[in-house]
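Notes follow the structure.
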Amino acid sequence: MSFPHDVEVGFAQLLTGAGLGVYHLDGSAYAASDLAITHRRLSDQPTRQISLAYYPVTSDPGQAIIQGAVQVRSRGTEDPSDVDSIADAAYVILHGLDQVSSNGVYFGHIWRQSGSSLGADNTGRWQWTDNYYFWSARQTNTLTD
């Protein structure tokens, strides 16, 4: 696939490997009771979801080391404490991870940089977003280590 997709799948595997959520790499449907982990968007169902979206932060033109980020957008029920518990569980799993590989991507260090409430969606389900930064290596045609 692509580096952004590999990073997002890597984060999904880190979360599900620690017991948070359900991720379907094949895109199959989620059960209504699942805490679904998806790429870049929240669908109408199931109610409880985490959406992962990679974005670049910095890169040095002379090195293959990059700083990237993943927006971890969570949605819970109409009770705001539900989305708080989802975001907090992701924090416990991700923040401070060092020297881990997931889905072929090496993460030298992962940390939460910022977070904020997004309020409720048009059906009253509360949302939260966190931005997790990480160090990694990304090869190019001219940078291989």
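Using a 10 Å cut-off on Cβ atoms, rank the peptides 97-105, 115-123 from the highest mean neighbour count down.
97-105, 115-123
On C-alpha positions alone, give me the angle between the axis of helix 3-17 and the longest principal axis of the chain, in degrees, nearest 10.
On a 0 to 90 degree scale, this one is about 50.
Between 68, 27, 19, which gets the highest mean-square fluctuation from a Gaussian network model of the chain, Cα cutoff 10 Å?
27
Tally Lys and Arg at +1 and Asp and Glu at -1 over the other residues with C-beta under 12 Å from the C-beta of residue 46: what net charge comes out?
Computed value for this residue: +1.
For a quick check, take a GNM of the chain with Cα springs below 10 Å and name the residue from 77, 129, 38 with the largest mean-square fluctuation.
Checking each option, the largest mean-square fluctuation is seen for 77.
Compute the distribution of all C-alpha to C-alpha distances in the stretch 77-145, in bins of 5 Å from 0, and list the percent of pairs in each, rounded to whole numbers.
Calculated over all Cα pairs of the stretch 77-145, the distribution is 4, 14, 19, 17, 14, 11, 10, 6, 3, 2, 0 percent.
Report the calculated FRET efficiency for residue 65 and residue 18 (r = Cβ-Cβ distance, R0 = 22 Å), to the nearest 0.05.
0.25
I need to check one value: relative contact order of the chain, counting alpha carbon pairs closer than 8 Å and at least 6 residues apart, in percent.
Dividing the mean separation by the residue count of the chain yields 23 percent.
Evaluate the distance, in nm, between pseudo-label points positioned 7 Å from the Cα of residue 40 and of residue 28 along their respective Cα→Cβ axes.
Roughly 2.4 nm, to one decimal.
Can you sort 75, 48, 138 by how many other beta carbons sit within 10 Å, fewest first?
Exposure proxy ranking, most exposed first: 138, 48, 75.
Which value in nm describes the separation of the simple spin-label points at residue 133 and residue 98, placed 7 Å from the Cα toward the beta carbon?
Those two pseudo-labels are separated by 1.8 nm.
If you consider only alpha-carbon coordinates, what radius of gyration and Dmax does the chain have, in Å?
Taking only Cα atoms of the chain, I get Rg and Dmax of 15.5, 50 Å.
Against the longest alpha carbon principal axis of the chain, how many degrees, from 0 to 90 and to the nearest 10, is the axis of helix 80-94 turned?
Here the helix axis deviates by roughly 20 degrees.
We did not get these values from a lab; they are worked out from the coordinates using the rules stated. Remember, it's a predicted structure, so these values are computed and weren't measured experimentally. Using ideal geometry, Cβ is built from the backbone for each residue, glycine included, and neighbour counts are taken over all protein chains shown.
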